[in-house]
Amino acid sequence: MKKIINKPEDVVPEMVAGLVEAYPDYVKQIPETLAVARVDDYDQVALVSGGGSGHEPTHAGFVGDGMLSAAVCGQVFTSPTPDQIYAAIKETDRGQGTLLIIKNYSGDRMNFDMAKDMAAMDDIKVESIVVDDDIAVENSTYTQGRRGVAGTIFVHKILGGLAKEGKPLSELATYGTNLIKEIKTIGIALSGATVPEVGKPGFVLADDEMEYGVGIHGEPGYRREKIRPSAEIAQEIVGKLKAEFKWQAGDSYGVLVNGMGATPLMELLIYFHDVKKLLEADGVKINFSKVGNFMTSLDMAGASVTMIKLDETRERLLKASVHTIGW
């Protein structure tokens, strides 16, 4: 294992320290926690998310004006504890309530729900929504139902925009629940991720092998085979997305090609180019697109494709300016 770290057990606290030191105009650390919060003043419903570390820039990189109010950083690939989530809720509450945006993993759901109950004892209004955008498999390690992956970023962006516009908590929760149904993701892996405290990859693929549908913690996908050209991989992935969305010519979508951490931007752009050609051949309009590392998996090589069905409101909010590190 080759990593630029000190002690494996200090990776997350030292990462959070470096983050707030590097970007003091964006985020601050909530005392005695591994959570970060906005440094600017605001008067709106607070949006709080988080999860295991190792997926940077998610979620701390999306804290700021127009997106999240706070993000809670758990240990690597491990849910943050309820008391840390509770601290983030208390820090960011402005009297209008808090919306928790949770990825569909059993540990996250349990701990965020416990924090929600703790906040209720302080008379803080809290609602929650669960993101389950990964269409690769129905049930997998750590989940009942589909996993929450890169589509979570679209949820942060759109709901962050609505919160900034002053929408109330109940409306944000309802809108978010419906929004998640229109976001789908599927990924591929060329290599496994190495958790620092484990010291070896979570799974191993041969030099000429790839896997479809691997999760962001290395959860199993649905098929392994010999590596194929980008255009052929795109054909498989777009076919899976089409089966879910059942799009028609003229429909408008947003597309995110997300890197898993170790894939060069050059390759991600090639992959996007191939995905876009297939969508245009079906008459699909791509009115929003983004390519880069947004929800990674440490040093995993691979990529995911997220699509969102657009309407005027979603498109406007995706294109709105924000003040965050990662967007």
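Can you tell me which of 17-25, 273-281 comes out highest on packing, and rank the rest after it, using the mean Cβ neighbours within 10 Å?
Packing order, densest peptide first, comes out as 273-281, 17-25.
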Query raised in the report: With springs only between Cα atoms under 10 Å, which of Ala71, Ala206, Ala46 fluctuates most in a Gaussian network model of the chain?
Result: Ala206
Query raised in the report: How far is the Cα center of the range 109-156 from the Cα center of the range 65-104, in Å?
Result: 11 Å
Report task. Before anything else, pin down the relative contact order of the range 106-250: Cα pairs under 8 Å, at least 6 apart, normalised by residue count, whole percent. Result -> 19 percent
Report summary line: Rg/Rh of the range 7-95 (Cα atoms, Kirkwood Rh), to two decimals, equals 0.94
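What is the projected area of the convex hull of the Cα atoms of the chain, averaged over all directions, in nm²?
Seen from a random direction, the Cα hull of the chain projects 15.3 nm² on average.
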Report summary line: Sparse-neighbourhood loop hits (trypsin sites (Lys or Arg not before Pro), the range 59-143; DSSP loop; Cβ within 10 Å at most 13 others) -> Arg94
Query - Low-density loop positions, trypsin sites (Lys or Arg not before Pro), the range 160-262 - DSSP coil, at most 14 other Cβ in 10 Å - result: Lys181, Lys246
**Report entry** Projected-area average for the range 62-157 over all orientations - Cα convex hull basis, square nanometres
**Finding:** 6.0 nm²
Query raised in the report: Projected onto the charge dipole of the chain (+1 at Lys/Arg Cβ, -1 at Asp/Glu Cβ, origin at the Cα centre), which of Pro8, Ala37, Val284 gives the Cα projection farthest towards the positive end?
Result: Val284
Requested in this report: Could you please state, rounded to a whole Å, how far the C-alpha centre of the range 295-326 is from the C-alpha centre of the range 11-25?
Outcome: 23 Å
Query raised in the report: Along the range 167-182, what does the Karplus equation 6.51 cos²θ - 1.76 cosθ + 1.60 (θ = phi - 60°) give for ³J(HN,Hα), rounded to whole Hz, x for Gly and Pro?
Result: 5, x, 4, 4, 5, 5, 5, 5, 4, x, 4, 6, 4, 4, 5, 9
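Express the accessible area of the range 47-174 per residue in Å², computed with a 1.4 Å probe while the remaining protein chains stay in the model.
Per-residue value: 32 Å².
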**Report entry** Relative contact order (%) - criterion: Cα under 8 Å, at least six apart; region: the range 212-327
**Finding:** 32 percent
Report task. Note down the relative contact order for the chain as a percent, whole number, built from C-alpha pairs under 8 angstrom at least six residues apart. Result -> 18 percent
Query raised in the report: When the Karplus curve 6.51 cos²θ - 1.76 cosθ + 1.60 is applied with θ = phi - 60°, which whole-Hz ³J(HN,Hα) does each residue of the range 213-221 get, with x for Gly and Pro?
Result: x, 5, x, 6, 10, x, 4, x, x
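Keeping every protein chain present and rolling a 1.4 Å probe, give me the accessible area per residue for the range 199-274 in Å².
Result: 48 Å² of accessible area for each residue.
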Report summary line: Quick calc, the chain, dipole around Cα centre from Cβ unit charges on Lys, Arg (+) and Asp, Glu (-), nearest 20 debye, gives 700 debye
Report summary line: GNM on the chain, Cα springs under 10 Å; top mean-square fluctuation among Ser289, Ser79, Ser304 goes to Ser289
Report summary line: So the number of lysine pairs in the range 19-171 with alpha-carbon atoms under 18 angstrom apart, 8 or more residues apart or on different chains, is 9
Query raised in the report: Where the accessible area of the chain is counted over protein heavy atoms with a 1.4 Å probe, how much of it, in %, is carbon and sulfur?
Result: 50 percent
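The values are calculated or read from the model by the stated rules, or taken from the named source; none is laboratory data. Please read all numbers here as calculations on a predicted model, not as lab measurements. Glycine also receives a Cβ, built like all others from the backbone with ideal geometry; neighbour counts cover every protein chain displayed. Calculation scope for accessible area: heavy atoms of the full protein, side chains included, ligands and nucleic acids excluded. Shrake-Rupley method; radii C 1.70, N 1.55, O 1.52, S 1.80 Å.
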